[in-house]
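*Asks:* Below is one structure. I have some questions about it.
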Amino acid sequence: MSKKQKKILLRIIISAVLLIGVYFIPLEGYLKLLLFLIPYAVIGWDILWRAVRNITHGQIFDENFLMSVATIGAFCIGEYPEAVFVMLFYQVGELFQSYAVGKSRKSIASLMDIRPDYANIEENGELKQVDPDEVKIGDTIIVKAGERIPLDGIVSEGTSMVNTSALTGESVPRKVTVNDDVISGCVNEEGVLKVQVTKEFGESTVAKILELVENSASKKAKAENFITKFAKYYTPCVVIGAVLLAIIPPLLFSGLWSEWINRALIFLVISCPCALVISVPMSFFGGIGGASKCGILVKGGNYLEALAKTEIVVFDKTGTLTKGVFNVTAVHPENCTESQLVEYAAMAENYSNHPIAKSIKEAYVKNIDQSRIKDTQEVSGKGVNAVIDGQNVSVGNDKLMESLGVNWHPCHKIGTTVHIAVNNVYAGHIVISDEVKKDSQQAIKNLKKEGVKKTVMLTGDSNAVGKAVGESLGLDEIHTELMPADKVNCVEKLINEKSEKGTLAFVGDGINDAPVLSRADIGIAMGAMGSDAAIEAADIVLMDDKPSKIPVAIRIAKGTLKIVKQNIAFALGVKAVVLVLGALGIANMWLAVFADVGVAVIAIINAMRALNTNKYLSN
């Protein structure tokens, strides 16, 4: 319990004791009023002050104003004990509400407690702790056992087990050794690691995650915006209704002023919209926090709401449904040797970090003499041209060959075929195969269970490779041999096929996926191995690169939206009934307090269930 909550609890106890003491003192008149004002001032001074302050700032119709008017009105009609009791119970409800909200925020904050405090740098044989912001790219940091990795980098020395649970939701640690990538925010569990930094702190994984979580609350869902607008118009309406309820019956129907003013005051207390204003945003906040615990980063409540209505899921192939780990499986030369063909391809792809390029360079084995390479030019979606030993070497797909007028031929083996031409003469091709992720097939099945109507795969690979992968996974549609612009066009066509209320989600990981991620209703990026551009463009980031987390994210979104609808229906339903009872004189002030504080507390407890997302992992 915080210091602020402890102070409120102390005030509640003091006010309750004073109220009991005053209640049994047999006094009348002004002296009785003064005595009851003492416990009222103890428990309600902050409510009165906030009401006055908000009125001066133009914020009139809030819950502080409503409670102030209701309790002061009760004093005016001689209901002294009732006025103090109402304020007392209201503060008890506020205390419970504050505790519940604080617990929820603390749970979410603990999930994101990954910001590193320092980085270890070795100077003159001694370890020195510095701010992570001071570490530059290329510097070597030392991470001891039990410490959190402060920056992204590559292991240059050491072997250890790394706990990635704070980022990916995975409970099983991952083994890392020399040349393995490590990301900030993870915990080194065993040995000492020396890590060569590849990104500054501001661009590191942990910094981007913290930024995503901090900004997620600013992107409201439609339900949140509806509640904000609803409260804006609802509260003035009920205040006007309460004034009319207090004035019209006594003036037109000779009713008792005290009776109708009392009904109006009860009407005001009931009308407080705090149950909706607090519980609905908190439900989305809980859903976002629970998703983070599962390694799913959602950038805002609006994306969570849209995800719950997903009808079409479109996948990129490489690095999304497949591992993106390529191996050379065949080398078919023409007019040259196998080693010469691989050498030409490796040199031309020397400056590329694409997985296909890496696999060719690994197959070459030897060190590449960069002085032999001149004028390297990448051709988007096709391949690369380079001058090697004075010869024009072109390496890429069949579209590149056709654009050069090279007479190429396809390969009988399944895989990605990389064609090589030297001085516009076909030199042969290399076949590279990618492995499908273990959970891709199950992910597609689970998406169907979640009501997704269509699953689609888009790839720049050949028709044979794309169909072989897509059909093995059970996808509904497969589009192959696509350029980056073609993927955008495909997504736009698919968007026109979905219903008006439904959404289309695109899942990708590469730089060339960024335009498609932005064009889709919901962009989902693979975060662990995905590119920075894809993560920036996406609305949702999967920190462990598992496609099976997509149906989990949809389940979380649906569960959160269900809780939101429950809270809206419950709060409005109870208030509507009690408002009618209050206007008819059937509801008393105690029932009014329940309709306000009680409903808010119940709605908040229900909203906290959104944090419990582990149940969705087992479905």
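*Asks:* Give me the one-decimal nm value for the distance between modelled label points at Val387 and Ile414, 7 Å along each residue's Cα-to-Cβ direction.
*Replies:* 4.3
*Asks:* Could I ask something else about it? What is the extension gain from Cys237 to Gln5, computed as 0.36 nm multiplied by their sequence separation minus the C-alpha to C-alpha distance, in nm to one decimal? Display every interim value, and only then the final one.
*Replies:* Values: separation 232, 0.36 × 232 = 83.52 nm, distance 3.26 nm.
Full extension from Cys237 to Gln5 adds 80.3 nm.
*Asks:* Cα convex hull of segment 292-355: how many Å³ per residue? Don't skip to the end; give the middle numbers.
*Replies:* Details: hull volume 10.5 nm³, N = 64.
So the per-residue hull volume is 163 Å³.
*Asks:* If I take R0 = 35 Å and measure r between the Cβ atoms of Lys144 and Thr198 in this structure, what FRET efficiency does the formula 1/(1 + (r/R0)^6) give, to the nearest 0.05? Walk me through the numbers on the way to the answer.
*Replies:* Numbers: r = 20 Å, r/R0 = 0.58.
The calculated FRET efficiency here is 0.95.
*Asks:* Restricting to the chain, compute how many DSSP beta bridges are antiparallel as a %, nearest 5.
*Replies:* Details: 55 of 75 bridges.
Counting only bridges with both partners in the chain, antiparallel ones make up about 75 percent.
*Asks:* Let me ask you something else. What are the principal axis extents of the Cα atoms in the chain, in Å, biggest first?
*Replies:* Projected onto its principal axes, the Cα set of the chain covers 113, 64, 41 Å.
*Asks:* For segment 290-299, what does the Karplus curve 6.51 cos²θ - 1.76 cosθ + 1.60, with θ = phi - 60°, yield as ³J(HN,Hα) per residue in whole Hz, taken in order and with x for Gly and Pro?
*Replies:* Result, ordered by residue: x, 5, 4, 5, 8, x, 10, 9, 10, 7 Hz.
*Asks:* In terms of modelled amide H atoms, which long-range or inter-chain residues lie less than 5 Å from the amide H of Glu157?
*Replies:* Excluding prolines and chain starts, which carry no amide H, the hits are Lys194.
*Asks:* Taking only the alpha-carbon atoms of segment 415-574, what semi-axes of the equivalent ellipsoid follow from 5 times the gyration tensor eigenvalues under a square root, in whole Å, largest first? Intermediate results must be reported in sequence, preceding the final value.
*Replies:* Values: eigenvalues 256, 51, 46 Å².
Gyration-tensor ellipsoid for segment 415-574: 36, 16, 15 Å.
*Asks:* Also: Between Trp590 and Asp117, take the C-beta separation as r, use R0 = 60 Å, and let me know the FRET efficiency to the nearest 0.05.
*Replies:* Numbers: r = 51 Å, r/R0 = 0.84.
Computed FRET efficiency for Trp590 and Asp117: 0.75.
*Asks:* Follow-up. If the reach is capped at under 13 angstrom between alpha carbons, list the aspartates and glutamates near Lys317, excluding any in the same chain fewer than eight residues apart.
*Replies:* Asp434, Glu435, Asp461, Glu471, Glu477, Glu481, Asp509, Asp513, Asp545
*Asks:* Still on this structure, please answer the following. With each label point set 7 Å from Cα along the Cα-Cβ vector, what nm distance links Ile13 and Leu244?
*Replies:* Result: 4.7 nm between the two label points.
*Asks:* Right, another one. Enter the per residue convex hull volume of segment 324-373, computed from alpha-carbon coordinates, in Å³ rounded to the nearest integer.
*Replies:* Values: hull volume 3.7 nm³, N = 50.
Residue-normalised Cα hull volume stands at 75 Å³.
*Asks:* How many times 2.2 N^0.38 Å is the alpha carbon radius of gyration of segment 445-502? Could you put the intermediate results ahead of the total?
*Replies:* Values: Rg = 12.4 Å, N = 58, 2.2 N^0.38 = 10.3 Å.
Working it through for segment 445-502, the quotient is 1.20.
*Asks:* Another question about this same structure. Taking the Cβ-Cβ separation of Leu251 and Phe75 as r and a Förster radius of 35 Å, what is the calculated FRET efficiency to the nearest 0.05?
*Replies:* Numbers: r = 23 Å, r/R0 = 0.66.
Once rounded, the FRET efficiency stands at 0.90.
*Asks:* Would you please calculate the Kirkwood hydrodynamic radius of segment 507-617 over all C-alpha pairs and express it in Å, rounded to one decimal?
*Replies:* Details: mean 1/r = 0.0590 Å⁻¹.
Answer for segment 507-617: a Kirkwood hydrodynamic radius of 17.0 Å.
*Asks:* Stretch Glu157-Val130 to full length: gain in nm at 0.36 nm per residue minus the Cα-Cα span? All intermediate terms of the calculation are to be shown ahead of the outcome.
*Replies:* On the way: separation 27, 0.36 × 27 = 9.72 nm, distance 2.04 nm.
This chain segment gains 7.7 nm when fully extended.
*Asks:* Rounded to whole Hz and in sequence order, give me ³J(HN,Hα) for segment 595-610 from the Karplus expression 6.51 cos²θ - 1.76 cosθ + 1.60, θ = phi - 60°, writing x for Gly and Pro.
*Replies:* 4, 9, 5, x, 5, 4, 5, 4, 5, 5, 4, 5, 5, 5, 5, 5
*Asks:* Still on this model: Sequence-distant or interchain residues sharing an amide H contact under 5 Å with Asn588, placed H: which?
*Replies:* none
*Asks:* For segment 36-53, take each phi angle, set θ = phi - 60°, evaluate the Karplus expression 6.51 cos²θ - 1.76 cosθ + 1.60, and give the result in whole Hz per residue in order, putting x for glycine and proline.
*Replies:* My calculation for segment 36-53 gives 6, 5, 5, x, 5, 5, 4, 8, x, 4, 5, 5, 5, 5, 5, 4, 5, 4 Hz in order.
*Asks:* If you don't mind, another one. Run the simple label-point estimate for Asp486 and Asn54 please: 7 Å along Cα→C-beta, distance reported in nm.
*Replies:* Between Asp486 and Asn54, the simple spin-label model gives 5.9 nm.
*Asks:* I'd like the Kirkwood hydrodynamic radius of segment 578-619, using the inverse of the mean 1/r over distinct C-alpha pairs, in Å.
*Replies:* 12.4
*Asks:* Shifting gears a bit: Starting from the amide H of Asp434, placed 1.01 Å from N in the peptide plane, find each other amide H under 5 Å away whose residue is 5 or more places distant or on another chain.
*Replies:* For Asp434, whose amide H was placed from the backbone, the distant partners under 5 Å are Thr416.
Laboratory data are not the source of any read-out in this text; all were calculated from the coordinates shown. None of these values were measured; they are calculated from a predicted model. Cβ: placed from backbone, ideal geometry, glycine included. Neighbour counts: every protein chain shown.
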